[in-house]
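Asks: There's a structure below that I have some questions on.
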Amino acid sequence: MKVTVDREACQGHNRCYLLCPQVFDVDDEGYAFVRVEVVPQEFERKVQLAARNCPERAIKIETSDQG
Amino acid sequence: MKQPIEELARNFDFHGKALDDAFGTYQRLRQECPVGHSDREGGFWFFSRYDHVFKIEHDTSTFSSAQGVLLPPFYNPRPMIPIETDPPMLAKYRRILIDMFSPKTVDAVTPFVTKVANDLLDKFADDTGADVAEKFARPLPMIVFCSLAGFPSEDYDRFQDWVERIIYGRTSDPEVAKRAVAEVYAYFEQLFELRQQEPPREDVMGRLLVAKVDGRPLTVEERLDIAFLALLGGLETTAWAIRSNLWYLAQHPDDRRRLAEDPSLIPMAVEEFLRCLSPVQTMVRTVTKDVEFEGASLSTGDKVVIVYGSANRDEDKFEAPDEIRIDREDNPHLAFGIGPHRCLGANLARREVTVALGEFLRRIPEFRFADGEPPVWHGIGPLPMVFGD
């Protein structure tokens with residue numbers, strides 16, 4: 001699984017950072033960015049949860065057969 | 001007999017008593033008249049679906065904030081900053097304060113918030129009961145925010161009074177609100193002058209004295225227009241949220257016990273309470289050009305009301321939307337708005353509410369309403385409780 005945050009769309013709601021700080025970090029102004037682009041398997045579910053809870057739809061997930 | 005939908009729409013209101021059964025009203029509007037026109041407050045369009053709110057909030061050029069975001073207004077003399085500004089100035093003004101309300105800053109002040117909660121609880125947690133609005137929900141955000149903002153703690157009663165006269169007074173008597181607004185501006189003008197004589201502090205007031213926008217310092221007016229918004233925005237909304245959450249938990253012992261036993265569930269519950277019992281039910285925009293939008297023919301100057309409270313219960317977005325499920329996983333609610341006007345104080349508000357509930361439940365795990373008229377869910381009125389089972 002790969003995850004990215006669309007920095008233009010991010011408005012700093014920080015749902016992702018609250019739900020999965022292992023994958024999502026925030027800068028000094030509170031805009032989100034990913035710590036790692038390839039999501040460790042144990043965080044895949046939380047990353048999907050973060051994406052569903054982003055009101056701006058700024059989180060994009062790419063899954064392949066390899067995960 | 002059900003009120004005809006045309007009548008419901010024409011009389012749609014979102015203040016005071018109209019909020020008692022807001023959610024029943026919203027449901028009917030979404031199903032029978034999601035886009036309509038009310039005759040209240042000089043007339044406005046309303047949009048009650050999630051999708052509408054998403055689009056409106058992201059189209060700041062058609063739906064401007066510069067001519068006011070409230071109906072009735074607070075009667076502020078100039079636009080409040082940044083909430084009543086449009087791009088490109090909007091982002092520039094937000095940048096002045098945004099780091100002070102970032103998640104990492106909020107993490108750093110969490111121990112202080114926890115201390116404030118416990119100091120307040122010390123005064124009544126061992127009693128048989130209390131008005132938890134007066135003793136907890138209202139003072140907690142007051143103390144926390146005033147500290148971060150640099151508003152003197154000895155003036156709490158004045159802030160409380162001004163907030164009441166402006167936020168609640170405006171709907172019954174504009175003159176009451178106007179007088180209070182003038183007093184707030186005079187107060188802040190004096191406070192800024194005082195602060196200018198000392199080294200700048202690390203708080204909102206201090207930041208406004210040193211901040212630059214477009215390479216130049218803020219004007220006296222800009223500072224006042226920001227401080228005014230900070231006062232109005234930082235206190236009452238969070239108090240409402242803490243109060244409405246305790247209102248719910250007083251009536252739902254199973255949910256209450258779950259949260260008391262496992263405080264790690266509280267943040268998710270807070271999101272659900274934000275979705276369902278949000279302090280900001282609506283905001284207003286002004287149409288800048290004649291345009292067809294979602295079936296409505298909007299004209300330049302028309303007022304448009306975005307109904308977050310309804311969008312947050314949209315069946316198209318949320319499963320069983322009128323059920324409060326404290327473990328709801330899919331919850332991209334709009335309680336803090338969306339797009340470039342997303343509430344600047346959102347992270348702080350969330351943390352205040354989470355800590356407030358956590359500490360309250362830790363020290364008073366069992367509580368219910370005191371006998372008498374059950375309190376309404378909305379506002380910052382009394383919330384008398386009895387403690388213990």
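The values are calculated or read from the model by the stated rules, or taken from the named source; none is laboratory data. Computed from a predicted model, the values in this text were never measured in an experiment. Cβ: placed from backbone, ideal geometry, glycine included. Neighbour counts: every protein chain shown. In case anyone asks, the SASA skips ligands and DNA or RNA and just uses the protein heavy atoms, side chains included. Shrake-Rupley method; radii C 1.70, N 1.55, O 1.52, S 1.80 Å.
Asks: Would you work out the relative contact order for segment B:155-248, in percent, from Cα pairs under 8 angstrom that are 6 or more residues apart?
Replies: 23 percent
Asks: Rounded, prolate or oblate: which one fits chain B, using the alpha carbon gyration tensor with axes a ≥ b ≥ c (rounded when a/c is under 1.5, else prolate when a/b beats b/c, else oblate)?
Replies: oblate
Asks: Can you tell me what the convex hull of the Cα atoms of segment B:1-58 projects to on average, as an area in nm²?
Replies: 4.3 nm²
Asks: Could you give the dipole magnitude of the protein assembly as shown about its Cα centre, charging the beta-carbon of Lys and Arg +1 and that of Asp and Glu -1, in debye to the nearest 20?
Replies: Dipole size: approximately 580 debye.
Asks: Name the shape class, rounded, prolate or oblate, that the alpha-carbon gyration tensor gives for segment B:1-123, where a ≥ b ≥ c are the square roots of its eigenvalues, rounded holds for a/c under 1.5, and otherwise prolate holds if a/b is larger than b/c and oblate otherwise.
Replies: Verdict is oblate for segment B:1-123.
Asks: Accessible area of chain A with a 1.4 Å probe: how many percent of it is carbon plus sulfur?
Replies: 45 percent
Asks: Where q = 0.19 Å⁻¹, what log10 of I(q)/I(0) comes from the Debye formula for segment B:236-275, counting one point per Cα?
Replies: Values returned for q = 0.19 Å⁻¹ are -0.52.
Asks: Another one. Loop only by DSSP, 16 or fewer other Cβ within 10 Å of the Cβ. Give me the GluC sites (Glu not before Pro) in segment B:217-306 that pass, ordered by residue number.
Replies: Qualifying residues, ordered by number: B:GLU294.
Asks: In whole Å, largest first, what are the principal axis extents of the Cα atoms in segment A:1-40?
Replies: That gives 26, 19, 15 Å along the principal axes, largest extent first.
Asks: With a ≥ b ≥ c the root eigenvalues of the C-alpha gyration tensor of segment B:276-356, is it rounded (a/c under 1.5), prolate (a/b larger than b/c) or oblate?
Replies: Here segment B:276-356 falls in the oblate category.
Asks: Next up: What number, in nm² with one decimal, is the all-direction average of the projected area of the convex hull of the alpha-carbon atoms of segment B:202-350?
Replies: The Cα convex hull of segment B:202-350, projected and averaged over all directions, gives 12.3 nm².
Asks: Just to be sure I understand: if you take the accessible area of chain A alone plus chain B alone and subtract the pair, with a 1.4 Å probe, what total do you get in Å², rounded to 100?
Replies: The contact between B and A buries close to 2000 Å².
Asks: Let me ask something additional. If Rh is defined by the Kirkwood formula over all Cα pairs and Rg also comes from Cα, what ratio Rg/Rh do you get for chain A?
Replies: Radius of gyration relative to Kirkwood radius: 0.93.
Asks: Which pairs in the list B:LYS178/B:LYS289; A:LYS46/B:LYS104; B:LYS55/B:LYS317 are over 23 Å apart, alpha-carbon to alpha-carbon?
Replies: Beyond 23 Å: B:LYS178/B:LYS289.
Asks: Now for a separate question. Please compute the contact order of chain A in relative form: average sequence separation of alpha-carbon pairs under 8 Å and at least six residues apart, divided by the residue count, as a percent.
Replies: 46 percent
Asks: Suppose every Lys and Arg Cβ carries +1 and every Asp and Glu Cβ carries -1, with no other charges. What dipole size does chain B come out with about its Cα centre, to the nearest 20 debye?
Replies: 840 debye
Asks: Could you look at segment B:275-354 and say what percent of its accessible area is carbon and sulfur, using a 1.4 Å probe and all protein chains?
Replies: Accessible surface attributable to carbon and sulfur in segment B:275-354 totals 46 percent.
Asks: Are there any trypsin sites (Lys or Arg not before Pro) in segment B:255-293 that are in a DSSP loop and have at most 13 other Cβ atoms within 10 Å? List them by number.
Replies: B:LYS289
Asks: Please compute the contact order of segment B:57-131 in relative form: average sequence separation of alpha-carbon pairs under 8 Å and at least six residues apart, divided by the residue count, as a percent.
Replies: 20 percent
Asks: Return the ratio Rg/(2.2 N^0.38 Å) for segment B:121-244, where Rg is computed over Cα atoms only.
Replies: Rounded to two decimals, the normalised Rg is 1.18.
Asks: Hey, how many Å between the Cα centroid of segment B:356-389 and the Cα centroid of segment B:166-194?
Replies: 31 Å
Asks: Averaged across orientations, what area in nm² does the convex hull of the alpha carbons in segment B:47-183 project?
Replies: Result: a mean projected hull area of 11.5 nm².
Asks: List the trypsin sites (Lys or Arg not before Pro) in segment B:80-143 that DSSP assigns to loop (not H, G, I, E or B) and whose Cβ has at most 14 other Cβ atoms within 10 Å. Which are they?
Replies: Listed in order of number, the matching sites are B:LYS123.
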